[in-house]
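Structure record follows, encoded as structure tokens.
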Amino acid sequence: MTPGSPFMTEEEASAWLRVSRNTLIAAIQRKEVPGVRKIGRAVRLNKYAMMLEDLGTDVGTLAKQLGVTNIDELFAFLDGKGSSDAAQDGR
């Protein structure tokens, strides 16, 4: 994955999710994986979409809960590189 990019290849995503590439491909074909983008024959997966799906929320709701005001803050928080007052307060 390119540093700073939310997009992963199938190989990178399967390693990140700790599943085999074939398992991931089957889940993509069943439309069980959020954030999938196909560009020609290339497949890219958005790690933030997968993280939010796993949390059972959407970007707007999570941003409000964490008290972040822009998308870059939210992504930094999801990457573990940022923090919010709400998260530090335990809200």
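All of the numbers you see were taken from the coordinates with simple rules; none came from a lab. Given the structure is predicted, the values throughout are model-derived calculations rather than measurements. A quick note on method: Cβ atoms are made from the backbone with ideal geometry, for glycine too, and the neighbour counts reach across all protein chains shown.
Tell me the Kirkwood radius of region 7-81: reciprocal of the mean inverse pair distance over distinct alpha-carbon atoms, in Å.
13.2 Å
For a quick check of your reading of the filter: which trypsin sites (Lys or Arg not before Pro) in region 1-52 sit in a DSSP loop and have no more than 13 other Cβ atoms within 10 Å?
Qualifying residues, ordered by number: R18, R30, K31, R41.
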